[in-house]
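Structure record follows, encoded as C-alpha cells.
The values are calculated or read from the model by the stated rules, or taken from the named source; none is laboratory data. Being a predicted model, the structure only gives us computed values, none of them experimental. So basically every Cβ, Gly included, is an ideal-geometry build from the backbone, and we count neighbours across all protein chains shown. Side chains included, ligands, DNA and RNA excluded: accessible areas come from the protein's heavy atoms. Shrake-Rupley method; radii C 1.70, N 1.55, O 1.52, S 1.80 Å.
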Amino acid sequence: MVDREELIKRQGALAQFGDFVLRCDDLQAILTEGCRLIADALGTDLAKVVEIERDRNTGLVRAGIGWNEGVVGHARFTLDPGSSEAYAIEHSKPVVTGNIEEEKRFEFPQFMTDHGVVAIVNVPIFLPGGEPYGVLQVDARRPRDFGDEDIQFLRTYASVLGPLIDRLRQADELDHASARFRLIVENARDYAIFMSDADDIITDWFPGAAAIFGWSAEEIIGKPGAVIFTPEDQAAGLPAKEIEEAKQNGTAPNVRWHLRRDGSRVFIEGQVVRLQWPDGTLRGFIKIGQDVTERRRHEERQGVLLAELQHRVRNVLAMVRSLVNRGRDPGTVAEFRVELDGRIAAMARTQALLTRSAGAGVDLRGLVQEELAAHPFEEGRVSLDGPAVHLTAKAAEVLTLAVHELATNSIKYGALGREAGQLEIRWQISREAEADWLEFAWRERGVQIAPGPAPRKGFGTELITLRVPYELNGRGQIERRPDGICCTIAFPIVPGGSTLETEPPTFFDQGRA
C-alpha cells in the first residue's frame, strides 16, 4: 500500500504537470515532462509513451525519459499479439510484468533488454471517442510487483493525456494555456482541484472539487479558500499559515479534515502549490487533494480498537490478580485451586461472549445459559423468564461471575444439589430515576436452611453485595429464606459504544478483597 508521503508526492507530480502544461504548448515537451514526473513518482528511471503507427502496424517510442540516444523518436516494434503494448490496447486494460525473464505471454523489444529492463507496467491511452493512441509505460531495472495504487496513478495520467494529446493536435482550438490546464483537471475526477488568486480567493473550481466538496462553481467562485476549512482550523489561523508556507516554500501540505457544503466532513490528503508569472511574481495557487475519508476513519477505528483491546487485556489481568488474592482466605490449596479454576473459566466464557459479535453487546439469556451449562445438574430443575436484554462488557463481566458463584454455591449447598430443589431465574426492565434498570432475581426452593446466623461472607457474597453497587451503580442483596437462597441484583442499563469498553475491577484490590 502506498504510504501518505508517497501519495502526497504523487499528487504533487500531477499538480506540477498541470503547472507545466500551463506554460507550454509543445506536445513533445509535455509528454517528456509527464514521463519524467511519472518515473520519479514511481521510483524508476525509465518511462515512455508509445504511439501507434497504424500505417505500419508498429509502435513508436514517441517520448520518454532515461533512454539512450536513438530510442526516443526512433525505436519501433511490431504491434503483434506477442506485444504487451498491443494486448493493453486491444483489451483496454493495464499489463503488469514483475519479471520479464519469467513472462511467458509476451516478447519484448531488444532496446528494452539492452537497457536492463526487468519489470514493466503500462496502461492504454485513448483519445476522446475511444480511439486508441498508444500506451503509457513505466520500466524498472529490477523485479517489481506494481500494485493497484501504481496502476491507478498511471490511469489518472493516461485519462488526461488522451484529451490533451487530441487538443494539442488541434492547436487552433486552444487559445491559451489555461484552457489546456482546464482539460487536465476536468478529467481528474478523483481529485479535488481548484485554483485561487494571490489573495487566496477561489477563481477556478473544477468537477473533482465540486464532486468531493458539494459546492458548484457558481456557488463558490469568489469566496476565500478558507471556506473549506473546519471552524476550529479557521479559528487557529491554519488557512493563512498554509498559504504563507506555500508562498515561502513553493508547496505546503494539506492533510486534514475539511468541510463539505452540507456541513459534513471529508479528510483530504493533498497540497497547495504556488503559481507564478514568468517574471517570478505570485500569480496564485493550485490546490489538489484526494478524498481518503474512509481510509482515515478505518485507521482511526483500528487505533481505537487496539487501545481498547490493550485496555481489556489489562482489565482481565487485573481481575485474575484479584481472584488470586482470594488465596488469603482460609482453606486448603486444593480448594483454592478448584475455586480459582472455576472463576477463571467463567471469565473466559464471558470473553467468548463479548467477542462473538463485536459491538452488539452480550445477550443476558445466553450469558445465563452458558454459565449454567458449565455446572452439572438434572434438566428440568431450572426455569428462565425475562425479556431480551443486551449487556455492556462491564455488566456482563460482573453478572457472569455473580451467576457462577450462585450456581457453584447451589450445586454444593442449595437447590441444584438437592433432589427436590428448584431454581427460578427471572428478570425484567423497570424505570427508575429516569433510567432503564435491569432487575435480576435468583430464587431457590426445596432447600431446608437451618436457622441461625449467616455464614462468613465469601467471594460470591462480596461480589453481589459490594461490587454491583461499586461497579454498576446498582444494588445487590442475598437473603437466606427457610426454603432456599433468594438473590436480587439491579442496576441501570447503560448503552456501551463497544464491547471492549470496561473498567478495571478496582474494588477487589481495595480493603478486604
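Which members of segment 418-439 meet the condition of being open to solvent by 40 Å² or more (accessible area, probe 1.4 Å) and either outside any strand (DSSP E or B) or touching an Asp or Glu at 6+ places or on another chain (Cβ under 7 Å) (or both)?
Within segment 418-439, ARG418, GLU419, ALA420, ARG426, GLN428, ILE429, ALA433, GLU434 meet the criteria.
Looking at segment 18-34, I want the residues that are more than 15 Å from TRP277 (Cβ to Cβ) and in contact (Cβ under 8 Å) with a residue 12 or more places away in the chain and have a partner that is part of a loop (DSSP other than H, G, I, E, B) and open to solvent by less than 40 Å² (accessible area, probe 1.4 Å) with Cβ atoms under 8 Å, at least 6 apart or on another chain. Which pairs are those?
ASP25/LEU174; ILE30/CYS24; GLU33/CYS24
I need the helices (runs of 4 or more DSSP H) fully contained in segment 132-220, keeping only those with at least 2 residues that are modelled with pLDDT of 80 or more and open to solvent by 10 Å² or more (accessible area, probe 1.4 Å).
Qualifying helices (runs of 4 or more DSSP H): 148-169, 207-213, 217-220.
Could you list, in sequence order, all residues of segment 258-293 that are open to solvent by 60 Å² or more (accessible area, probe 1.4 Å), assigned to a strand (DSSP E or B) and without any contact (Cβ under 8 Å) to a residue 40 or more places away in the chain?
Across segment 258-293, the qualifying residues are ARG265, ARG274, GLN276.
When you look at GLY414, is it at pLDDT 85 or above and surrounded by 15 or more Cβ atoms within 10 Å (Cβ to Cβ), yes or no?
Criteria met by GLY414.
Within segment 386-404, is even one residue under 45 Å from the mean Cα position of the chain (by Cα), closer than 22 Å to ILE449 by Cα and open to solvent by less than 10 Å² (accessible area, probe 1.4 Å)?
Among the residues of segment 386-404, at least one is under 45 Å from the mean Cα position of the chain (by Cα), closer than 22 Å to ILE449 by Cα and open to solvent by less than 10 Å² (accessible area, probe 1.4 Å), which makes the answer yes.
Mind counting the residues in segment 362-385 that are part of a helix (DSSP H, G or I), open to solvent by 10 Å² or more (accessible area, probe 1.4 Å) and of a type in the set (Asp, Glu)?
Result for segment 362-385: 1.
Out of the residues in segment 67-99 that are within 22 Å of GLU33 (Cα to Cα) and under 38 Å from the mean Cα position of the chain (by Cα), which is least open to solvent (accessible area, probe 1.4 Å)?
Taking the candidates together, the pick is GLU85.
Going by the structure shown, is GLY476 modelled with pLDDT of 70 or more, open to solvent by less than 50 Å² (accessible area, probe 1.4 Å) and in contact with a helix residue (DSSP H, G or I) (Cβ under 6 Å, 6 or more places away or on another chain)?
yes
Between LEU27, LEU31, LEU46, which is of a type in the set (A, V, I, L, M, F, W, C), modelled with pLDDT of 90 or more and under 21 Å from ARG167 (Cα atoms)?
So the residue among LEU27, LEU31, LEU46 that is of a type in the set (A, V, I, L, M, F, W, C), modelled with pLDDT of 90 or more and under 21 Å from ARG167 (Cα atoms) is LEU31.
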